[in-house]
Structures are given as structure tokens and as C-alpha cells.
Amino acid sequence: MEVGLIANPEGRRYELFCAAAKRYSVDVRRLSWTELLGDPSSIGRLGGTDWVRIESPGKDRLLAESFALLGGSLSPRMAYGEIKNFSEVHTGLCRVLVDIGAGATDFGFTCINPPADIAAMFDKAEAHRRFAAAGIPRPMAFVAPTSCDALQERLSQEQCQRWFLKPLYGSSASGVCAYRWHPRHRQLIAPIELERTADSLRLYNTRRIRTHTNPADIDAILSALLPHGMICESWLPKATLQGVAFDFRVLVIAGEARHTVLRQSRHPMTNLHLGSQRGSLDSFVHAYGESALEACHGAAVRAAECFPASLYCGVDVLVMRDGSPYVLEANAFGDLLPNVFSRGQSTYEAILESTIRKAYAA
Amino acid sequence: MGLIDFFRNLIAPSASVRPEEDAEVPPPPEAAPSGEDSVPTKETSVDDRRELELADGMSNRFWNISRSGSALSITSGPVGSAGSTEKESHRYEEKARARFDELVAEKLRQGYVDIDISTLSEMCGKAPVVDAVSPVHFSRQGYDNYKHAKTFLGFPVVDFDPRNLSPQDQIIWRIRGDWDRSAFREDLQIFLASDLALDVPGLVIGCWSTEMYDDDSSFVVSGLCEKADRLAKLKGLYLGDIVSEEAEISWIKQSDITPLFGAFPKLEYLRVRGGDGLRLAEVTSSIRALAIEAGGLSAELVQAVASADLPRLEHLELWLGTTDYGGTSTVEDLTPVLEGCFPNLSYLGLRNCDYADDLARAVAESAILNEIKVLDLSLGTLTDEGGRALLAALPGSHLERLDLHYNYMSHGVRQEFSALSIQVDVSEEQETEDEWRFVAVGE
């Protein structure tokens, strides 16, 4: 058994997957994103592998700049952690994904998660359309206008005054804003830092979530992000455990909800790299009952079914106070959940086993 | 290796394959240094588990115990930290079970309470907890405006559910709505009309509207006062257990709370969150503990408190705040308090204050240090100046505990405090940047 792996050869994702492959005696044929970008024909090296796994390009700045350049950005250079070029990076990534898809046809390999699905999961508007069409419970959402004034105009027509604004093509909570407004107050909570110089304004990702209340800062942030495309979702009150709000990341593999992480945060964003804590599933079941967990798993499975050709996907599920689940998003690379086990398997082990079973069944 | 071999391995694990779940599983690896997996979780089978917390105003610590068979694991430490873990192995499971119960009982005796009490079903099977706390322990240690109150008056707080009106002992109900759909008004009415109201020693009022910036608390105050005869045993009220996600503390619109004192003559504990619109006329009350949390308190309100006739008051906690959020008080407004207008005062908390140095100097020059046991000037902008004034005044005072956590004092001055023989908290020192100092709770 040999799996082709398109990945960034530095970093935990790569190491963890290779460790899992080794444990299951699966050979890995590696192709780095950098090689692939430098030489598109290198995709041919994956010919003859049984399966190909496309791993996240990760946080590599040069890679992101390359994607931005490929996506048509006129200023692809980015400072470390800078929030920039969301749409261009996405366009570039999609172009490479298309190339991978073509390579799969030409060289006869199959992707565990097809490139087209990955592109769709990375597009929050497309994912929202699919969820809505499938009748999956979701916060009310619409694609945001691309200017601040138009956004405020649109929001003033809505009853709700609390919104999440998420970049259509972002990930890891980069650029995600929790926004609430009222004629007397405006507040934007986001892992975003502003840097103003005489002639420029830059946004940076920060692990420390900031509350912005200065209207000029809020407008500056939104004016920088909106043109890249954002989705506007109603900000629903999450249920709490031990007084702290939580949501779930559910890894769905082969139509089954497997690894489930309860993420708790005092902030509106529960991403674990932003300092959220993993909570105990036992206390959730104790408080809300086994059926509530089943409902969350059910919602996650239905969300994953919106990407039917994909073997796995990490679904974020919000739980309301009455225990009812709402699907927030599907993450193409949502399987990095170290130290979480399902039936004794890590996420990568479970994905590998399912890949093999799928191959065997075919 | 081929597919078939691979499958054989899956079915009959070889050395290269991870053991199955039910086998002896080694402990999970230590937490990775950073990133997604800061808290490792492993689905090992836990037979028994209890999570307790002590938040008595002196300290804020957690204590978790779990039992897997005959092995006990106890993790404890300050809330917010990862804590440290101790393990105990016993030869027999029975012994471990008895030890588990013994340790839990000991902690409950020390005043720890179960933390996972946000819903009623979480309460099931949990032993009742301690008696009402003494007023001196009424304060909230931190400024955690991200979490709802877990306990009030020493009892766990549970959200009221109008579909379940069966009486529950040893808990305090919280009535609150959500911001997207609030049934607060209906829930409050149902609660007050039900038999539940007749026996409750305390009540917690949470988010009362979907429009917290528009709707002030006057309808809550009048609603409670009108039904005061139904709340005949009410000793404690928390008006505004509202976390930042529901409404920032400075957005909460309060109202005139004077009627509460008249309507509830038995009221002993009152905690209010939010200073905007908060008013108080002349009052006489036998209240024992009064706490007002705010981003800013008006001079009028502070004066009204300082001139109130509260002969039994033991605990007074005011979050004075900053001018940015409506704080207009000065040291002069507090003069009557520092001169001892409350003869029974034991705890004085003048917290979250942006003139903390002036305040510390005035406190140091007054006689109040000989009257009270606990002085709390935490969450403010205290620097070395105020710190030194206090240090000079402390010898010979009757103070037992001094809380100065969240401060801008230098290492040297903090050291001097730590060397004192009384209990002192000078933690959470803030970096002074560009001469801009902040109180802990604004916005």
C-alpha cells in the first residue's frame, strides 16, 4: 500500500500523518507543495500510488505568496502573520487544485478527498449554498456587500444586531470578526491587530483576541476585509458547560462521526490555537443527554454528505441552549486533532484505515 | 506490504499497530508546546469523576478528581492555570472508591462546590453543598466577565426552566434570556407565580432583554418588588449576572434600585452588575453585603452609598471604574466610608479604580485600617506611590488580608508586600506602557 502525500514537509500535520502511515506499514510518496508550485509536471511522480492525500499547505509564508501570485495578486509579498490576499490565495490554490485533478486523470491516481471538494469546502458561500439546499440547520447567512457603508445599510435592515463576518476563503479564524452594533455602540471582536503607518494600514493575525471599539479601527478592518468577500452569519448564543460557551469539531470519516472535540472559550471564536480549551464530552452528555450528542453527530454527518466524493471532513457544530445543533462550517483540513482518539485510533490512523477499507471494497 | 497483509494487521494487531482501546493504554503524551492541542484528551474509561471549585473571595482554585478502577488522579491549582496532577494507585478498587469519597468530602468541608451546575440535570446525584457564605466572603475574586456565576450565597446557580417547576433544594435559580430570543419576562412571571418562589433564599437575574442597550432594569426591579410577598424568604439577590458576550458591563442599563430595600426588608446580600443608569436614594436597610460591579460609577451613586443607613453592613464592594464609562467619583465621595460610617464593616473593596493611588493614600491616612479585616483595592491602577503609602500605614493595623491583584507596582514594592505577615495578593502586575494605565474592567 502506498499513499501519495501532497504536503508541506515541515510541520506537525506532515509528521503526524507519516507517523500514522508508518504504524500501519503504509508507504508514503511525498510531493511538497513547493515542488508542485515550482514544477507542475512533478504531479506525475504520484502516478502509481494507490491513493493521494492532499494536506494543508499550512502557514508557510512563501507558499502563500506563491498562491497569491498565481491567483493574480499585484502585491503578493506578505509580512509574517499579515492578513492579506485572501481571494488571490484562494484563486491560486484553486488553480493548483485543478492541476492536481487533471494530474489524477492523467496519471491514474485517486484523491482521498477530491480537489474540487477541497475547493468547495474552502468557499464558505458555496458550502452555505450546499448546506441550505440540504436543509441542514445553519445560522441565517448571506454574502456580505463589499463596502463598509453597504454592509451597515444591509445590517440595519435586519432585526439581529450580532453577526459573524467571516472571509469567504479564510481558515483558522484568520480575519473572522464577531461584530455587534447599535446606534450608540459598535464593537468588533477579532484575532486581528491593526498597524497604521503614515501611508498604509496593515492587518495582522494575533493569537490574542482583541475587542475593537474605535469606529475608525472597525471601519478600517472591515474596509480591508470586505472586498475579498465575506459571509455574514447571525451570531447565535452558544450553550455553556460550567459557565463557558462551547462548540464541537466533529471529524466525519466515511459517513460516520468519529473524533469529537468539545472546544470551550471565553471568546466568540473557539479555535484551539486561539487559546480555547478542550472540554469534556462526558460532562456534555451528562448535561444534555446522549441524544443531544447523537443530534450533533447527525448534523455533522449530513454536512459532510454535502461533499459526497470526500472521505472525511471536519465539521464545526454549534449547540444552542436547548441542545439543538447548528452546522457552522466544513473544514477540508479539519483533521489535525492531536491526542484525540476514536476506537483507539488517532484521526490520521482512522482516515488511513477507512482509505484502505474503501480500496478493498472497490 | 500488500493490502491483504495490511488488513490482517488491522484485525490481529502486530507490534507495529497500536493496541486496542480496552488494552492497557499508556498515558497520553504530554501537551504539545503550543497550538491546537494544548489540552490533551483521551477517551480512557473514567468510572467516577468530580470537579470542584473554591471561589470564596480568598482564593479561586479548582480541584478535579477522577477514578479509573483502582487509580485516582487529582488535578488542582488556581483557576485559569493547568494545575498540577497527583496520582494514587490502590490495590483494590473498593479502597480507591472509599478514598475518592473521603477526599471529596474533605474538599466540600473546606468550602469547595461542584462546578458543573449550569443545567439542572448536571445537578442530579451531586451532594448538596455548604451553608450560606459569610458576608466577608461575598466578593468575586477575579474580574471574569466571561462566565456566569457558578455559585451564589454558597449554593450552585442553575438556570430556571419554566417547563420544570419541581422544587429543588440547595440551589439558587437564575432567570435569564438569550439575546436572540428572550422569554425573560414570561419566565420571571412564571417563576414568581410558582411555588418555587416561596422558599428561595436567593435569586440571580441574568440577561433580561434581547436589547440590553435599550431596556434598563426598571421592569425587573418593579416586577420583583410587586411580588415581594411571594419571595418571602429572599436573603440574596444578584441583579445582572450578565457576561460580556451578552452585553459588556458598560452597556448594561441599570435603574433606581432603592425600591428593593423597602420591598425586601430581609435582604442581606445584594450584588448588582452595571453602573449605567444606576441610582440610589436615601435608604435604611439591614443589608449585610452590598456589591456593585461597574465599568464606572457616578459620584452621585457613590455618595448615596456612603450616606446610606446600613448599620449591619459587613461587606462593601464598589467597582469605581473610569470616566470613559461614566465613573465620576473622587476620593472625597468615599470620605464617610473611610471615617467609619458603617460600624460593622469587615470587608472594604474599592476596586477597578482609576484613581487607586489617591484612594490608597486616603485609606492609609484614615482610621479604617483599624476597623476592617479585609481591604481590597484590586483591579485598579495602583502604582508604587499608593503601594508605599499603604506599606507605611499597615504596621499596627488590624488588617488580616490585603488584595491588590492587578496592579502597576514595581517588583521591589510587591516584594515588600509579600514580606508582610498578613495575607497579601499582589499578583497580576501590569506592564506600564506609554504611561497609559487601565483598570481591569472597562468596556
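Nothing in this text is a laboratory measurement; each read-out follows from the coordinates by a stated rule. None of these values were measured; they are calculated from a predicted model. Neighbour counts run over all protein chains shown; Cβ positions are idealised from the backbone, glycine included.
Points to keep in mind about this one:
- Rel. contact order, % - alpha carbon contacts under 8 angstrom, at least six apart, region A:2-119: 27 percent
- Within-9-Å neighbourhood charge of A:D316 [Cβ basis; K, R +1; D, E -1]: 0
- Expressed per residue, the C-alpha convex hull volume of region B:297-443 stands at 94 Å³.
- The protein assembly as shown: antiparallel DSSP beta bridges as a percent of all, rounded to 5: 60 percent
- Chain A: DSSP helices with Cα axial extent of at least 24 Å and average Kyte-Doolittle hydropathy no lower than -1.0: A:86-107
- Hits among lysines - C-alpha to C-alpha of A:K22 under 24 Å, sequence gap 8 or more where chains match: A:K358, B:K42
- The protein assembly as shown, dipole about Cα centre (Lys/Arg Cβ +1, Asp/Glu Cβ -1), debye to the nearest 20: 1700 debye
- Here region A:141-234 is treated as a sphere whose radius is the Kirkwood value from Cα pairs; by Stokes-Einstein at 25 °C and 0.890 mPa s it diffuses with a coefficient of 184 µm²/s.
- Remark: spin-label model distance A:Y360-B:H398 equals 7.9 nm, labels positioned 7 Å along the Cα→Cβ axis.
- Across B:K147/B:K266; B:K95/B:K147; A:K59/A:K84, pairs whose alpha-carbon gap is larger than 25 Å: B:K147/B:K266; B:K95/B:K147
- Area projected by the alpha carbon convex hull of the protein assembly as shown, averaged over all directions, nm²: 35.9 nm²
- If only the Cβ of Lys and Arg carry +1 and only the Cβ of Asp and Glu carry -1, the dipole of region B:311-443 around its Cα centre is close to 580 debye.
- Charge sum, other residues only, whose C-beta stays under 12 Å from B:E332's C-beta, Lys/Arg counted +1 and Asp/Glu -1: -3
- In region A:1-154, taking the dipole from charged Cβ atoms about the Cα centre, the farthest positive-side position among A:F17, A:A68, A:G101 is held by A:F17.
- For B:K373, the lysines whose Cα falls under 24 Å of its own Cα, not counting residues fewer than eight places away in the same chain, are B:K235.
- With the charge dipole of chain A set up from +1 on Lys and Arg Cβ and -1 on Asp and Glu Cβ about the Cα centre, the Cα lying farthest toward the positive end among the listed residues A:M121, A:A304, A:N339 is that of A:N339.
- Global geometry of region A:215-274, whether rounded, prolate or oblate, following the gyration tensor of its Cα atoms and the 1.5 cut on a/c: oblate
- The charge dipole of region A:2-119, taken about its Cα centre with unit charges on the Cβ of Lys, Arg, Asp and Glu (plus for the first two, minus for the last two), comes to roughly 300 debye.
- Share of Cα-Cα pairs in chain A lying beyond 36 Å, as whole percent: 21 percent
- A simple spin-label model places the labels of B:I422 and A:A102 7.8 nm from each other, with each point 7 Å out along Cα-to-Cβ.
- Antiparallel %, DSSP beta bridges [both residues in region B:272-394], to 5: 5 percent
- Pairs exceeding 25 Å between alpha-carbon atoms, taken from A:K166/B:K253; A:K238/B:K150; A:K238/B:K87; A:K166/A:K238; B:K87/B:K107: A:K166/B:K253; A:K238/B:K87.
- Coarse-grained scattering of region B:121-293 at q = 0.14 Å⁻¹, given as base-10 log I(q)/I(0) from a Debye sum over alpha-carbon atoms: -0.70
- Helix-only [θ]222 nm of chain A, DSSP H runs n ≥ 4, -39500 (n - 2.57) each, per residue, nearest 500: -10500 deg cm²/dmol
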